[in-house]
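The values are calculated or read from the model by the stated rules, or taken from the named source; none is laboratory data. What you are looking at is a predicted structure, and each value in this text was computed from that prediction instead of being measured. For neighbour counting, all protein chains shown are included, and Cβ atoms are generated from backbone atoms with ideal geometry for every residue, glycine included.
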Amino acid sequence: MKMVMHAPSTELGEAHTPALQPLWDYVRSEQRDVLLSPYLPATCAFLTHVLFCAPFLALDALGSVNQRVRMWRIAAGSGPPPSVQEWGACLRRVLGRYLSAVLPATALLQALRSPSLPELAPSCWQLFVEVFACFLLFDTVFFMWHFSMHRIPWLYSNIHQLHHRHHTPFALMAQDATSAELLSLLLLALGSAWAVGCHPLSEALFHLFNSWLAVEDHCGYNLPWALHRLLPCLGGAPHHQVHHHQHRGNYAPYFTHWDQLFGTYRSAE
């Protein structure tokens, strides 16, 4: 029997190289200064929020001429779509609070962070686990904080009441809140990523998805492709619109298990 001897594989090391390593190497070498910029967190947060809101502004405009779009609007507490003037006024308020509060706070936090970056990128599995863990933790602490703001009169009147000025939620108002509330949510998100021990790529992806889900929760539409239709564990826009309509219940931002466990769940049907 003829035996064939194979030379040691030179690709053994490459087999263990994370799929995201080329992307992470590029970020570390070419975009390091941008990644560590004190202005990056607030700038990215604001721009992604506005970008994610743009499709819903288009839906609000189409709703006046398209019956199907109007059918997607949620009935609970729903009034007519906000006008362009309301969108503009909301945008000015959010921008003002970002410039006056969020930007200085995130710049300070960024300056306090270690400038060292890990050499290895996360594996795809590590990325998924870290992002999912961040969402579970953030959902938990947000539930407790949101519940407290509604149950403690001083917190509600001084921090949270402004967010409830809109009886008919729309996408951009997801961050139309007092500076204190915006900063508290920022700390909850950053603290969740820190507690999980996220890789910078995992943390960036968490913040990106967190921004999208916040916009989707406030959009006022029950869209056929919305995430809560794909993942029944999520409440989505119908779940959160009931909260804005009744001013109680449905305190968790994304998942529904805490509201169900504590008896604060309100059905959207």
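For region 147-181, filtering for residues that are part of a helix (DSSP H, G or I), buried (at least 21 other Cβ atoms within 10 Å of the Cβ) and in contact (Cβ under 8 Å) with a residue 40 or more places away in the chain leaves 5.
Would a scan of region 201-220 turn up a residue that is in contact with a His (Cβ under 6 Å, 6 or more places away or on another chain) and in a helix (DSSP H, G or I)? Give the derivation first.
Looking only at region 201-220, we keep the residues that are in contact with a His (Cβ under 6 Å, 6 or more places away or on another chain), and these are 211, 217.
Among the residues that remain, those that are also in a helix (DSSP H, G or I) are: 211, 217.
Yes, the conditions are met somewhere in region 201-220.
Within the bounds of region 251-269, is there any residue that is in contact with a Lys or Arg (Cβ under 8 Å, 6 or more places away or on another chain), modelled with pLDDT of 90 or more and more than 28 Å from Ala101 (Cβ to Cβ)?
First, pick out the residues of region 251-269 that are in contact with a Lys or Arg (Cβ under 8 Å, 6 or more places away or on another chain): 259, 264, 266.
So of that shortlist, the ones also modelled with pLDDT of 90 or more come out as 259, 264.
Those still in the list that are more than 28 Å from Ala101 (Cβ to Cβ) too: 259, 264.
Yes - at least one qualifying residue is present in region 251-269.
Does Arg266 qualify as being part of a loop (DSSP other than H, G, I, E, B) and touching a residue at least 60 places away in the same chain (Cβ under 8 Å)?
Working: part of a loop (DSSP other than H, G, I, E, B): yes; touching a residue at least 60 places away in the same chain (Cβ under 8 Å): no.
It is false that Arg266 is part of a loop (DSSP other than H, G, I, E, B) and touching a residue at least 60 places away in the same chain (Cβ under 8 Å).
A count restricted to region 36-67 and to residues that are more than 19 Å from the chain's Cα centre (by Cα) and among the hydrophobic types (A, V, I, L, M, F, W, C) stands at 6. Residue-level check: of (1) surrounded by fewer than 19 Cβ atoms within 10 Å (Cβ to Cβ); (2) β-branched (Val, Ile, Thr); (3) touching a strand residue (DSSP E or B) at 6+ places or on another chain (Cβ under 7 Å), Ile74 misses just (1). Is there a residue being surrounded by fewer than 16 Cβ atoms within 10 Å (Cβ to Cβ), in a loop (DSSP other than H, G, I, E, B) and either modelled with pLDDT of 85 or more or basic (Lys, Arg) (or both) anywhere in region 19-36? Within region 19-36 (the criterion being surrounded by fewer than 16 Cβ atoms within 10 Å (Cβ to Cβ), in a loop (DSSP other than H, G, I, E, B) and either modelled with pLDDT of 85 or more or basic (Lys, Arg) (or both)), the answer is yes, since at least one residue qualifies.
Please go through region 5-18 and give me each residue that is surrounded by fewer than 12 Cβ atoms within 10 Å (Cβ to Cβ) and either at pLDDT 85 or above or not β-branched (Val, Ile, Thr) (or both), ordered by number. Answer for region 5-18, where residues must be surrounded by fewer than 12 Cβ atoms within 10 Å (Cβ to Cβ) and either at pLDDT 85 or above or not β-branched (Val, Ile, Thr) (or both): Met5, His6, Ala7, Pro8, Ser9, Glu11, Leu12, Gly13, Glu14, Ala15, His16.
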